[in-house]
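The values are calculated or read from the model by the stated rules, or taken from the named source; none is laboratory data. This structure is a prediction, so every number in the text was calculated from the model and none was measured. Methodologically, a virtual Cβ is constructed for each residue, glycine included, from the backbone with ideal geometry; neighbour enumeration extends over all protein chains shown. Heads up: the accessible areas ignore ligands, DNA and RNA and are worked out on the full protein's heavy atoms, side chains in. Shrake-Rupley method; radii C 1.70, N 1.55, O 1.52, S 1.80 Å.
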Amino acid sequence: MKTKKTEPYLELKGEMARRDIKIEDVAKIIGTTPATVRQKISGQYDFYITEALAICSAFNLDRSIFFR
């Protein structure tokens, strides 16, 4: 089975670094594991819209970081 590969979420990664948001923090917000969050940030999988909205709401991020 071929794995889906999308562009990495570099803007999200940058905002997380600037704001000291940990992978574990994001995982708790969207109810998944840190490993899954890493895979999504790296572009192996996309974030669901509900996950993107929850992350933006929890950390006061602009929604545009999820859209290229």
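Among all lysine pairs in the chain that are eight or more places apart or on different chains, how many have alpha carbons less than 22 angstrom apart?
Number of lysine pairs found: 10.
Please report the net charge: other residues with Cβ closer than 15 Å to the Cβ of ASP25, K and R +1, D and E -1. Mind showing how you got there, number by number?
Details: positive: LYS13, ARG18, ARG19, LYS22, LYS28, ARG38, LYS40; negative: GLU15, ASP20, GLU24, GLU51.
The answer is +3.
Before I look further, what does the range 24-68 give for accessible area per residue, probe 1.4 Å, in whole square angstrom?
60
Rounding to the nearest 20 debye, state how big the charge dipole of the chain is about its Cα centre with +1 on each Lys and Arg Cβ and -1 on each Asp and Glu Cβ.
Approximately 260 debye in magnitude.
Give me the percent of accessible area attributable to carbon and sulfur for the chain, probe 1.4 angstrom.
Carbon and sulfur together cover 54 percent of it.
Considering only ALA54, ALA27, ALA35, give the residue with the highest GNM mean-square fluctuation for the chain, with springs between Cα atoms whenever their separation is below 10 Å.
ALA35
What percentage of all Cα-Cα pairs in the chain are separated by more than 20 Å?
The proportion of pairs with Cα distances above 20 Å equals 17 percent.
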